[in-house]
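Just below is one structure, and these are the notes that go with it.
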Amino acid sequence: MGVVSGPNITSRDVQLVIDIDAPASRKPRKSSPHPDHHVARRPVEPAYWRFGVTSPAIRPIAICVFRRDGCVLVGHAHDVLKNEHYCRPPGGAIEFGERALAALRREIREELRTEIEAPVLLGVLENTFQLEGKAKHEIVFVFQARFVDPAFYELLEVPLYEPGWDGCLTWESLDGFRTGPRPLYPEGLLDLLAN
């Protein structure tokens, strides 16, 4: 049986002790000082909150698909542990209290130093994956938009002002992601763009 301890553990925190190695026919021991101790109760909040431990969080993000002649603008990255090179459209985290579209506009301003127009929400994807050996979970708001400055469509490479990526954004063929070695993330994005 595992032992839970912490600086502020009281007898009220221990409501029901179950020996997981005991035979199923044996009833759990009750160890609560509460008058209704015969009822197994769950804490209102997860135990890891009370002990100052954080759980992995679901990360909401907004990304922007820019299209040009059957191509999309993507950033390039590399997962060292999996030895995988992959691509993803620009965008980033939605901050607490921020709407997805506002986050998208802010992220494009920060990462590309430009403005967008005519944003349209294409869909929302849920993405669970491993990155550098760590479990990740994202809710991805996928928008399509245009650059206000048409000069961006003439560039072969678009400067990316964001650490963690491998160089500039490039225009890549959607067909190349279907048959090539580099995946386009988040998972499900290719199907969403085909509709």
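Where a number appears in this text, it was derived from the coordinates with a stated rule and is not lab data. Note that the structure is predicted; figures quoted are calculated from it, not measured. Please note: Cβ atoms are built from the backbone with ideal geometry, for glycine as well, and neighbour counts cover all protein chains shown.
All other residues whose Cβ lies under 12 angstrom from that of Leu160 are scored, Lys and Arg at +1 and Asp and Glu at -1, for a net of -4.
Out of every Cα-Cα pair in the stretch 88-127, what percent are more than 15 Å apart?
More than 15 Å apart: 43 percent of the Cα pairs in the stretch 88-127.
Arranged from fewest to most other beta-carbon atoms within 10 Å of their beta carbon, Glu84, Glu111 become Glu84, Glu111. Overall, the ratio between the Cα radius of gyration of the stretch 59-194 and 2.2 N^0.38 Å, rounded to two decimals, is 0.99. Overall form of the stretch 79-157: oblate. Here a/c, set by the Cα gyration tensor axes a ≥ b ≥ c, is 1.5 or more, and a/b is not larger than b/c. Remark: the Ala102-Glu157 segment gains 17.3 nm on full extension, using 0.36 nm per residue and subtracting the alpha carbon distance.
Once both labels are positioned 7 Å from their Cα atoms along Cα-to-Cβ, the gap between Ala194 and Glu84 label points is 1.9 nm.
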